[in-house]
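The values are calculated or read from the model by the stated rules, or taken from the named source; none is laboratory data. What you see is a predicted model; the values in this text were computed from it and never measured. Glycine gets a Cβ as well: all are built from the backbone with ideal geometry, and neighbour counts include every protein chain shown. Calculation scope for accessible area: heavy atoms of the full protein, side chains included, ligands and nucleic acids excluded. Shrake-Rupley method; radii C 1.70, N 1.55, O 1.52, S 1.80 Å.
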Amino acid sequence: MKNIVILISGAGSNMQALVRAAQQENWQQRYGARIAAVVSNKAEAKGLEFARAQGITTEVLPHQGFASREAFDQALSALIDGYATPGQPVLVVLAGFMRILTPAFVERYAGRLLNIHPSLLPAFAGLHTHQRAIDAGCKFAGATVHLVTAELDHGPILAQAVVPVLPGDSAAQLAERVLSQEHLIYPRAVAHWLQSA
Ligand code: GAR
């Protein structure tokens, strides 16, 4: 069994889309894969409630308790690796996990660490992507699923979705339009990764 660990920091709507896809498409039978745990660096992350209600193991690892980024990432790795099964390393899926990861962490999960970012990378890495797209006068925006590499919001692109930026859009309106596409492309990209693993 290939175990998937999903990392969240907030609402977890992408995580919910992944959980629903795994159920509806029977990833267990199809890919020998299951979502083994949802991990958050924030105890108050809304998504944890949904995961618990689905009977998925949840873990909270508050980053404030660690003296350095390295120490937090080491503890996170230990927690994640606890879900490995013999001969089957864990697939780590970042779903609104708002922490910059250390190069050592990224290296450890090279090729099996996925992220979704709310812009058409390589444009608008970092934060406030929607406002920046509006301010730049972009006619289109979107989201990108990519393999994580040491450079923030870079790495091989696995999937993208494009949405229009409409006249008068607020960042929140654009974010909502992009997010609805994220919920479609992330499960597809993870399923594709599992299929080719
Ligand atoms: C999503 O829009 C995701 O792309 C973004 O945070 C949101 C999380 O929403 N991620 C990043 O900005 C990472 N750099 P969710 O918690 O409802 O899935």
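Structure notes:
- Residue check for residue 101: farther than 22 Å from residue 187 by Cα, of a type outside the set (Lys, Arg), open to solvent by 50 Å² or more (accessible area, probe 1.4 Å) and not in a strand (DSSP E or B): no
- Of the helices (runs of 4 or more DSSP H) lying entirely inside segment 1-78, those carrying at least 2 residues that are under 24 Å from residue 177 (Cα atoms) and either open to solvent by less than 50 Å² (accessible area, probe 1.4 Å) or hydroxyl-bearing (Ser, Thr, Tyr) (or both) are 13-24, 47-53.
- Qualifying residue in segment 177-188 (condition: crowded, with 18+ Cβ neighbours inside 10 Å, hydroxyl-bearing (Ser, Thr, Tyr) and closer than 30 Å to residue 4 by Cβ): yes
- If the condition is being open to solvent by 60 Å² or more (accessible area, probe 1.4 Å) and either in a loop (DSSP other than H, G, I, E, B) or within 11 Å of the ligand (Cβ to nearest atom) (or both), then segment 111-131 contributes 122, 127, 128.
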